[in-house]
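**Q** First the structure, then my questions, so here it is.
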Amino acid sequence: MEDQQEQRCARVAVPVPMRRQFDYLLPADGADIAVGARVKVPFGSRSLIGFVTEPHVVTDTPPNKLKAIEHITDPSPLWPPSMWELLLWAAQYYHHPLGDVLAHAAPIALRHGEAPEFQQIKRYALTDEGAAVDLDSLKRAVQQRKIIAALRERALTSTDIKALELAPAALKTVQEKGWVSVAHEPLGVGAWRLERDEQPHPLNPEQAVAVAALHSGLAESEARVWLLEGVTGSGKTEVYLQAMEPVLARGQQVLVMVPEIGLTPQTVARFRARYKVPVVVMHSGLSDQERLQGWLQAREGHAAIIIGTRSSIFTPMKNLGLLIIDEEHDASFKQQDGFRYNARDLAIKRAHQEGFGVVLGSATPSLETLSNAQQGRYHHLQLKKRAGNAKPAKHFLLDLKQQRMQQGLSEQLISTMRKHLEQGNQVLLFLNRRGFANALICHECGWVAECRRCQANMTVHQHNHSLQCHHCGASQRIPRQCGGCGSTQLVSRGVGTEQLEQCIEQLFPAYSTVRIDRDSTRRKGQLESHLNAVSAGQHHILIGTQMLAKGHHFPNVTLVALLDVDGALYSADFRAAERLAQLYIQVAGRAGRASKVGTVVLQTHHPEHPLIQELVNNGYTDFARSALLERSQAMLPPYAAMALFRAEAMEKDAAEALLQAIVAVLEEDGTGEVTAIGPMPAPLARKAGRYRYQLMLHAASRAALHKLLLSKLSLIETLAQTRKARWSLDIDPQDFT
Ligand code: ADP
Ligand code: ZN
Ligand code: ZN
């Protein structure tokens with residue numbers, strides 16, 4: 001009897017918030033179903049796509065409760081065994097439901113049950129006639145000219161056409177003229193061979209050392225990790241490009257992970273320009289089907305270079321030889337909701353399982369990575385000089401105490417700006433928008449406009465006369481009267497990028513100003529066109545936020561000023577200092593490329609602060625050394641392990657009550673080496689109407705923390721209090737808001 005049952009049931013991970021799997025009867029054609037096979041199963045009143053974790057099990061589900069698999073979507077697994085192992089490991093390490101991990105790792109089209117098959121795609125290319133067209137003859141047909149010019153660079157798919165905002169009507173015209181042809185090709189089928197398209201830079205001595213080390217290490221095809229620490233503009237990208245050449249020449253693939261593709265169009269273009277091999281870019285602008293096609297190309301080995309953001313770590317690769325993580329310190333490699341994985345950490349794990357090399361590149365490596373390098377786990381390569389002839393920037397502190405200020409600008413800064421502008425150079429003003437938003441205040445009674453649903457101030461947006469909440473998106477017209485005393489004396493306080501832009505335009509009417517932030521770059525292509533206008537010298541003053549700190553080169557910017565970053569000095573988050581240091585160095589790195597010496601000015605009320613002193617006088621490396629020392633003395637990561645329970649609820653006490661119940665469960669048999677801190681209100685104590693609480697777990701050993709969680713989570717899931725509050729668990733949390 002039992003034998004028969006064993007033949008007939010499979011264990012399936014389904015995407016539900018439960019840390020357990022479910023058994024289903026196998027259909028008649030399911031005899032040889034494999035681990036990792038995708039199946040459709042009934043769950044409650046729905047049908048869900050799940051994955052078989054054990055093909056033949058003895059079930060303890062009572063026969064009357066046992067349901068059958070509806071459909072075997074693919075009998076063979078979607079992932080190769082090594083990736084499957086990685087996903088199982090990730091579910092365990094992050095204590096996240098396996099079904100949800102697997103669903104997350106699969107492209108959306110596959111989550112919805114579509115078949116993993118290559119499809120035909122439309123590709124537009126120039127005909128011989130089209131290639132011969134004189135662009136100047138199209139002066140009046142701007143749209144047609146744009147299309148022909150774009151197609152001279154490379155053939156385009158429909159998505160490319162959309163992304164480049166090429167006009168459909170003009171596309172039709174150029175086809176009718178016989179200049180452009182459409183081919184329906186199966187995507188990416190076929191082999192590729194490495195061909196170089198562009199001569200590399202001759203390397204400087206530091207770059208040459210790094211490239212040589214990478215070439216010899218990568219020839220071993222085993223897991224090795226290099227930290228490539230190179231000051232901004234030191235030519236890290238050139239090192240990546242040359243490091244990958246022998247890898248590609250061997251027919252192996254390269255995965256490049258970047259923080260945000262939209263912010264670094266130049267990087268993608270540089271990879272495309274160097275090698276004539278199939279490059280797949282995974283970005284959020286793709287349709288589900290296109291993403292699937294890219295994923296298949298990677299899995300089948302048809303793509304040579306894959307460039308993507310954090311989720312590309314889940315792309316199966318036929319023959320991965322090298323994984324590069326650019327700006328490895330960037331917070332975006334950590335997923336902040338749902339399955340809260342860290343793509344950088346998973347990359348290292350994956351490298352050990354599959355045996356390939358990893359290069360972690362940054363001007364400001366994370367303290368975790370630096371400590372791994374210090375302990376000899378990673379090879380440390382350094383580029384201390386800027387590539388070409390660029391000179392290092394000069395750094396100045398500007399004490400704001402008792403200074404007369406205009407919209408956040410000290411008079412001294414204004415006169416420094418004037419000097420640089422008069423010499424024909426560009427100036428970049430950096431505003432840390434977070435925590436420095438512009439609030440609406442009553443001049444009579446001090447009332448501040450707050451969001452009704454969040455414990456946060458509303459932000460004034462002058463361009464559409466609204467108040468907006470940056471936490472929940474709530475929006476309303478700017479009120480005329482104070483909500484406290486009814487006075488009409490409402491003023492906005494603090495400086496947002498918009499206010500700064502207005503103020504700058506008044507102070508420097510002879511110069512053109514451009515603002516680069518989320519609001520001014522919302523539309524597709526806007527960021528690129530702003531950046532191009534800056535390169536072309538159309539603007540003299542750039543005002544920007546975090547977006548500007550990432551990877552762009554502004555050769556004519558000679559003055560970079562950080563207006564207010566003091567908030568980070570008081571933050572309760574132990575990573576705030578590290579973040580500030582990284583931001584400072586990254587922003588400062590925008591100054592003085594090419595032949596011009598750059599100046600970096602930091603306005604602060606605390607010029608004597610040790611962190612500020614260390615950064616400005618000694619640079620990131622020294623800062624990082626003392627920060628690591630502090631972390632080790634305070635027993636903080638990377639010298640300790642942390643996990644964070646979060647809970648939120650509409651009802652005032654429900655979230656706290658749930659976390660108290662969790663503490664009770666954790667402490668039942670003693671927590672050993674693990675300390676539970678809290679529950680306490682989250683720094684943003686209310687968001688979108690929900691009350692938010694946190695519970696922090698801290699342990700000297702990772703193993704102790706994991707053991708405790710593993711033994712308690714199934715009990716925690718069933719707590720009665722979970723019905724009134726949402727909760728989540730974050731392993732190695734990066735963000736404490
Ligand atoms: P990073 O990524 O370290 O900030 P990049 O790789 O973008 O630096 O290089 C900065 C600039 O220096 C780029 O314009 C690049 O083309 C140039 N560059 C890089 N290596 C060299 C070299 N060996 N000689 C001359 N210029 C170089
Ligand atoms: Zn809100
Ligand atoms: Zn008032």
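The values are calculated or read from the model by the stated rules, or taken from the named source; none is laboratory data. Computed from a predicted structure; not experimentally measured. Cβ atoms come from the backbone with ideal geometry, glycine included; neighbour counts cover every protein chain shown.
**Q** Could you grab me the full set of residues in the range 464-480 that are in a loop (DSSP other than H, G, I, E, B), within 16 Å of Val491 (Cα to Cα) and among the hydrophobic types (A, V, I, L, M, F, W, C)? So that I can check it myself, show each step before the final result.
**A** Quick first cut of the range 464-480, residues in a loop (DSSP other than H, G, I, E, B) only: 465, 469-474, 478-480.
Now narrow it down to the ones that are within 16 Å of Val491 (Cα to Cα): 465, 478-480.
Across the range 464-480, the qualifying residue is only Ile478.
**Q** Within the range 656-692, work out how many residues are outside any strand (DSSP E or B), small (Gly, Ala, Ser) and free of Cβ contacts under 8 Å to residues at least 40 places away in the same chain. Walk me through it before giving the result.
**A** Filtering the range 656-692 for residues outside any strand (DSSP E or B) gives 656-674, 688-689.
When the remaining residues are screened for being small (Gly, Ala, Ser), the result is 657, 661, 664, 670, 672, 688-689.
Remaining after also requiring free of Cβ contacts under 8 Å to residues at least 40 places away in the same chain: 664, 670, 672.
Number of matching residues: 3.
**Q** While we're looking at this one, here's another question. Among the residues of the range 447-460, is there at least one that is in a loop (DSSP other than H, G, I, E, B) and away from ligand 2 (no atom under 16 Å from the Cβ)? Don't jump to the end; show me each part of the working.
**A** Start the filter on the range 447-460 by keeping residues that are in a loop (DSSP other than H, G, I, E, B), which leaves 447, 449, 451-456, 458.
Now restrict to residues that are away from ligand 2 (no atom under 16 Å from the Cβ): 447.
There is at least one residue in the range 447-460 that is in a loop (DSSP other than H, G, I, E, B) and away from ligand 2 (no atom under 16 Å from the Cβ).
**Q** Also, I was wondering about something else. List the number of the failed condition for Tyr691; all other conditions in (1) buried (at least 16 other Cβ atoms within 10 Å of the Cβ); (2) in contact with a His (Cβ under 9 Å, 6 or more places away or on another chain); (3) among the hydroxyl-bearing types (Ser, Thr, Tyr) hold.
**A** Going through (1) buried (at least 16 other Cβ atoms within 10 Å of the Cβ); (2) in contact with a His (Cβ under 9 Å, 6 or more places away or on another chain); (3) among the hydroxyl-bearing types (Ser, Thr, Tyr) one by one, Tyr691 breaks only (2).
**Q** If you take the residues of the range 36-52 that are of a type outside the set (Phe, Trp, Tyr) and over 17 Å from Leu110 (Cβ atoms), which of them is surrounded by the fewest Cβ atoms within 10 Å (Cβ to Cβ)?
**A** Initial filter on the range 36-52 (of a type outside the set (Phe, Trp, Tyr)): 36-42, 44-50, 52.
From the residues that got through so far, the ones that are over 17 Å from Leu110 (Cβ atoms) too are 42, 44-46.
Numbers: Pro42: 14, Gly44: 7, Ser45: 5, Arg46: 9.
Checked the range 36-52; the qualifying residue surrounded by the fewest Cβ atoms within 10 Å (Cβ to Cβ) is Ser45.
**Q** While we're on this one: With the structure loaded, tell me whether Leu194 is more than 16 Å from ligand 1 (Cβ to nearest atom), within 26 Å of Lys122 (Cα to Cα) and at pLDDT 95 or above or whether it fails that test.
**A** For Leu194, the condition - more than 16 Å from ligand 1 (Cβ to nearest atom), within 26 Å of Lys122 (Cα to Cα) and at pLDDT 95 or above - is not met.
**Q** Contact list please: Cβ distance under 9 Å, first residue in the range 410-423 and closer than 11 Å to Ile541 by Cβ, second residue polar (S, T, N, Q) and crowded, with 18+ Cβ neighbours inside 10 Å, pairs at least six apart or on different chains.
**A** Close Cβ pairs (under 9 Å, with a partner that is polar (S, T, N, Q) and crowded, with 18+ Cβ neighbours inside 10 Å) amount to His420/Gln426; His420/Thr558; His420/Thr599.
**Q** Gly113 - would you say it is without any contact (Cβ under 8 Å) to a residue 60 or more places away in the chain, assigned to a loop (DSSP other than H, G, I, E, B) and at positive phi?
**A** Numbers: without any contact (Cβ under 8 Å) to a residue 60 or more places away in the chain: no; assigned to a loop (DSSP other than H, G, I, E, B): yes; at positive phi: yes.
Answer is no for this residue.
**Q** Tell me, please, whether a residue that is of a type outside the set (S, T, N, Q) and touching a Gly at 6+ places or on another chain (Cβ under 6 Å) can be found in the range 677-690. Spell out how you get there, then give the answer.
**A** Of the residues in the range 677-690, the ones of a type outside the set (S, T, N, Q) are 677-690.
Okay, now just the ones that are also touching a Gly at 6+ places or on another chain (Cβ under 6 Å), so none.
No, the range 677-690 has no match at all.
**Q** Turning to a different aspect of this structure: Within the range 421-437, is even one residue away from ligand 3 (no atom under 16 Å from the Cβ), in a helix (DSSP H, G or I) and surrounded by 18 or more Cβ atoms within 10 Å (Cβ to Cβ)? Can you show your working first?
**A** Step one: list which residues in the range 421-437 are away from ligand 3 (no atom under 16 Å from the Cβ), which gives 421-437.
Still in the running and in a helix (DSSP H, G or I): 421-422.
Now drop any that are not surrounded by 18 or more Cβ atoms within 10 Å (Cβ to Cβ), which leaves 421.
Checked against the condition, which is being away from ligand 3 (no atom under 16 Å from the Cβ), in a helix (DSSP H, G or I) and surrounded by 18 or more Cβ atoms within 10 Å (Cβ to Cβ), the range 421-437 yields at least one hit.
**Q** Moving on to the next point. So which residues in the range 340-371 are outside any helix (DSSP H, G or I) and surrounded by fewer than 19 Cβ atoms within 10 Å (Cβ to Cβ), if there are any at all?
**A** Just the residues of the range 340-371 that are outside any helix (DSSP H, G or I), to begin with: 340-342, 355-366.
Within the range 340-371, just Gly355 meets the criteria.
**Q** For the condition farther than 29 Å from Gln734 by Cα and among the charged types (D, E, K, R), what is the one hit in Asp100, Asp74?
**A** Exactly one residue qualifies, and that residue is Asp74.
**Q** Which members of the range 484-512 meet the condition of being within 16 Å of ligand 3 (Cβ to nearest atom), assigned to a loop (DSSP other than H, G, I, E, B), in contact with a strand residue (DSSP E or B) (Cβ under 8 Å, 6 or more places away or on another chain) and not hydroxyl-bearing (Ser, Thr, Tyr)? Step through it out loud before you land on a result.
**A** Kept after step one, since they are within 16 Å of ligand 3 (Cβ to nearest atom), are these residues of the range 484-512: 484-493.
After this cut, where a residue has to be assigned to a loop (DSSP other than H, G, I, E, B) as well, the list is 484-489.
In the following step, the residues that additionally are in contact with a strand residue (DSSP E or B) (Cβ under 8 Å, 6 or more places away or on another chain) were identified as 484-485, 487, 489.
Matches in the range 484-512: Gly484, Cys485, Gln489.
**Q** Could you please let me know if Glu129 is at pLDDT below 85 and surrounded by fewer than 14 Cβ atoms within 10 Å (Cβ to Cβ)? Please lay out each step first, then the result.
**A** Working: at pLDDT below 85: no; surrounded by fewer than 14 Cβ atoms within 10 Å (Cβ to Cβ): yes.
When the stated conditions are applied, Glu129 does not pass them.
**Q** Additional query: Within 30 Å of Ala649 (Cβ to Cβ), basic (Lys, Arg) and either within 16 Å of ligand 3 (Cβ to nearest atom) or touching a residue at least 12 places away in the same chain (Cβ under 8 Å) (or both): which single residue out of Arg453, Arg477 fits that description? Before you say what the answer is, go through the steps one by one.
**A** Numbers: Arg477 fails: within 30 Å of Ala649 (Cβ to Cβ).
The unique qualifying residue is Arg453.
**Q** If Glu153 passes every condition in (1) of a type in the set (Asp, Glu); (2) within 29 Å of Ser284 (Cα to Cα); (3) touching a residue at least 24 places away in the same chain (Cβ under 8 Å) but one, which one does it miss?
**A** (3)
**Q** Within the set of pairs 6+ apart or on separate chains, which have a first residue in the range 717-737 that is buried (at least 19 other Cβ atoms within 10 Å of the Cβ), a second that is in a loop (DSSP other than H, G, I, E, B) and among the hydroxyl-bearing types (Ser, Thr, Tyr), and C-beta atoms under 7 Å apart?
**A** Short answer, once both residue conditions are applied: Ile731/Tyr94.
**Q** Would you say Lys162 is basic (Lys, Arg) and at pLDDT 90 or above? Talk me through it step by step, then tell me what you get.
**A** Numbers: basic (Lys, Arg): yes; at pLDDT 90 or above: no.
Considered against the rule, which asks whether it is basic (Lys, Arg) and at pLDDT 90 or above, Lys162 comes out as no.
**Q** Against the definition (basic (Lys, Arg), free of Cβ contacts under 8 Å to residues at least 12 places away in the same chain and more than 16 Å from ligand 3 (Cβ to nearest atom)), how does Arg404 come out, yes or no?
**A** Numbers: basic (Lys, Arg): yes; free of Cβ contacts under 8 Å to residues at least 12 places away in the same chain: yes; more than 16 Å from ligand 3 (Cβ to nearest atom): yes.
Yes; evaluated as a whole, the condition is true for this residue.
Each row is one residue, and each column tells you yes or no for (1) at pLDDT 95 or above; (2) in a helix (DSSP H, G or I); (3) more than 24 Å from the chain's Cα centre (by Cα); (4) of a type in the set (S, T, N, Q).
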site: Leu48; (1), (2), (3), (4): yes, no, yes, no
site: Val57; (1), (2), (3), (4): no, no, yes, no
site: Thr73; (1), (2), (3), (4): no, no, yes, yes
site: Pro77; (1), (2), (3), (4): no, no, yes, no
site: Leu86; (1), (2), (3), (4): yes, yes, no, no
site: Ala90; (1), (2), (3), (4): yes, yes, no, no
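**Q** Is it the case that the range 692-707 has a residue that's of a type in the set (Ser, Thr, Tyr) and touching a Pro at 6+ places or on another chain (Cβ under 8 Å)? So that I can check it myself, show each step before the final result.
**A** From the range 692-707, those of a type in the set (Ser, Thr, Tyr) are 693, 701; that's our starting set.
Adding the requirement that they be touching a Pro at 6+ places or on another chain (Cβ under 8 Å) leaves 693.
Scanning the range 692-707 turns up at least one residue that is of a type in the set (Ser, Thr, Tyr) and touching a Pro at 6+ places or on another chain (Cβ under 8 Å).
**Q** Then there's this: Just one of (1) of a type in the set (S, T, N, Q); (2) touching a residue at least 40 places away in the same chain (Cβ under 8 Å); (3) away from ligand 3 (no atom under 16 Å from the Cβ) trips up Ser466, so point out which.
**A** Ser466 satisfies all of (1) of a type in the set (S, T, N, Q); (2) touching a residue at least 40 places away in the same chain (Cβ under 8 Å); (3) away from ligand 3 (no atom under 16 Å from the Cβ) except (2).
**Q** Okay, moving on. What helices (runs of 4 or more DSSP H) completely inside the range 148-259 contain at least 2 residues that are among the small types (Gly, Ala, Ser) and surrounded by fewer than 15 Cβ atoms within 10 Å (Cβ to Cβ)? Steps first, answer last, please.
**A** Details: elements: 158-163, 168-176, 205-218, 236-249.
The qualifying helices (runs of 4 or more DSSP H) are 205-218.
**Q** Enumerate the pairs (first residue in the range 127-146 and among the aromatic types (Phe, Trp, Tyr); second residue anywhere and modelled with pLDDT under 90) with beta-carbon separation below 7 Å, excluding pairs fewer than 6 apart on the same chain, so at least 6 apart or on different chains.
**A** Filtered contacts from the range 127-146: no entries.
**Q** I'm trying to understand the selection: among the residues of the range 557-615, which are part of a strand (DSSP E or B) and either of a type in the set (A, V, I, L, M) or buried (at least 23 other Cβ atoms within 10 Å of the Cβ) (or both)?
**A** Residues of the range 557-615 that are part of a strand (DSSP E or B), as a first pass: 557-562, 599-604.
Val557, Thr558, Leu559, Val560, Ala561, Leu562, Val600, Val601, Leu602, Gln603 - these are the residues of the range 557-615 that are part of a strand (DSSP E or B) and either of a type in the set (A, V, I, L, M) or buried (at least 23 other Cβ atoms within 10 Å of the Cβ) (or both).
**Q** Looking only at the range 291-319, count every residue that is part of a loop (DSSP other than H, G, I, E, B) and under 22 Å from the mean Cα position of the chain (by Cα) and tell me the total.
**A** At the first step, the residues of the range 291-319 found to be part of a loop (DSSP other than H, G, I, E, B) are 300-304, 309, 315-319.
Imposing the further condition that a residue be under 22 Å from the mean Cα position of the chain (by Cα) reduces the set to 309, 315-317.
Going through the range 291-319 one residue at a time, the tally reaches 4.
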